[in-house]
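Remarks on the structure that follows.
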Amino acid sequence: MMLRARAVLLVLCLMLAATGCGLAAPGGGDEQPKVTILGPWTDNQETQFKAVLDTLGTPYTYQGTAASREVLLAAVQAGNPPDIAILPGVGDLVEYAAERRLHPLGGKGAAAKYGKPWQPEARGIEADLWVALKADLKSIVWYRKDRPPPSYPAPLTSWCIGMGDDGASGWPGSDWIEDLILQTAGPVLYERWATGGLKWTDGPVLNAWSLWAGLLAQDRDAAGRALLDDHRGGPDGRGLLFDGGCDLEHQGSFARSFYGDHSGQAAFTDSAPLLPSGPRIKGREVSADFAALFGSSTQARDLLTRLTSREAQAEWGRKAGVFSPNSDVPARKGTVEKQISSRLTDQRVPLCLDASDVMPAAVRDAFYEAVLLTIAHPDAPVRDRLDDIQRVQAAQPGHTPRLTGVCSRPQ
């Protein structure tokens, strides 16, 4: 059903793309052409992002959509891609790069200074084709300040879990699996798995998936509600943590923006002690939104260079509360903000990019589908789910480039 819905969405986007998919620059006269931008941010996040763009001095048109991957694919297939595309991950960009659809950034932006994991590379693909615009910390658990968490793994009834999303239902569950693999197997095996060098049916993946399925099996009703709940919470705008009768939420640093007026009552801690894997922190999962040039105009390249500058990144942090992957950007004020920033820049603990975000699109979609099926049937054999994903991974073309540098190394 999920794959069929995506197919319908793609067809609709293709129809829209035939008339520009909302991205075509307005023409006429001597007016300076506008840089067209496609990104994943909508509503308040879109408003905050555009407020930063407005300070950069370049005319632009921005389209925000939770289905940015699908909309971009439709626009590319229609021959009308945006000048700049921003995606929640780099896996799709690798495939576009292999098709020679991306243009070099010019080597003048912040990407030239980024280290692992913020600037992953792909064998056989030239460097300087994408740059991380904003970062998030994922190996954390949010809780209400008046209800501090225990120091040991929590039962399912304590967790706020929602799989719903406008673009890709199931990804919040993939974060659980990824964090469990990272904390049980460590960053080396995690990177091998994320980049296709470790089978889905191998021990580290099977062990982590079994731990998660075992947690879900504790309460079938609670697991069932996770399929129905949106990861952003209910209509009251307070997020899952404050809308429901739960105490803990395993979601990235961006989740604080869902809590509305209650955000000041939220605190976070490292996830490892609360997961079924146990207390030791072997690494921290992070994510980033990556930008790439699909157009070759000087205006687009210059706009992206300014957007990744220290000044623009700091301004975006002040306006929207986002975090920069650029360690030169000053940490924002506030206890929670400083704690997140320190973990994003701590060189003593390995940082690993979200695994599903670096996988080929077909493998990522199979991952999300297996997550949803596991929640729906937590008592079913885990190996069957992993066999399904492995078949999709094995079917990928042999020439598909693999990313390297997905995890940093402790210093």
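Computed from the coordinates by the stated procedures, all read-outs in this text should not be read as laboratory data. Note that the structure is predicted; figures quoted are calculated from it, not measured. Reconstructed Cβ throughout: ideal geometry from the backbone, glycine too, with neighbour counts over all protein chains shown.
Think of it as helices only: each DSSP H run of n ≥ 4 in the chain is worth -39500 (n - 2.57), and spread over all residues that comes to -12000 deg cm²/dmol at 222 nm. Reported to the nearest whole Å, the Cα centre-to-centre distance from the range 210-236 to the range 247-319 is 23.
A protection proxy built from the mean count of other Cβ atoms within 10 Å ranks the segments 160-166, 397-403, most packed first, as 160-166, 397-403.
Beyond 25 Å between alpha-carbons counts as too far, so tell me which of Lys50/Lys333; Lys50/Lys145; Lys145/Lys338 fall in that bin.
Values: Lys50/Lys333 22 Å; Lys50/Lys145 33 Å; Lys145/Lys338 17 Å.
Pairs exceeding 25 Å: Lys50/Lys145.
If the segment from Lys319 to Ala380 were pulled out straight at 0.36 nm per residue, it would be longer than the present Cα-Cα gap by 17.3 nm.
Put a plus charge on the Cβ of each Lys and Arg, a minus charge on the Cβ of each Asp and Glu, and nothing anywhere else: the dipole of the chain about its Cα centre is then about 980 debye. Ranking Ser257, Ala355, Gln48 by Cα position along the charge dipole of the chain, where only Lys, Arg, Asp and Glu carry charges on their C-beta atoms, puts Ala355 farthest toward the positive end. Gain on full extension, evaluated as 0.36 nm per residue between Leu227 and Lys50 minus their Cα-Cα distance, stands at 60.4 nm.
The Cα center of the range 337-390 and the Cα center of the range 62-83 differ in position by 24 Å. With a simple spin-label model that places each label point 7 Å from the Cα along the Cα-to-Cβ direction, the separation between Asp166 and Ala127 comes to 3.7 nm. Peptides 353-362, 297-306 ranked from most to least packed by the mean count of surrounding Cβ atoms within 10 Å: 353-362, 297-306.
Considering only alpha-carbon pairs that sit under 8 angstrom and 6 or more positions apart, the relative contact order computed for the chain is 26 percent.
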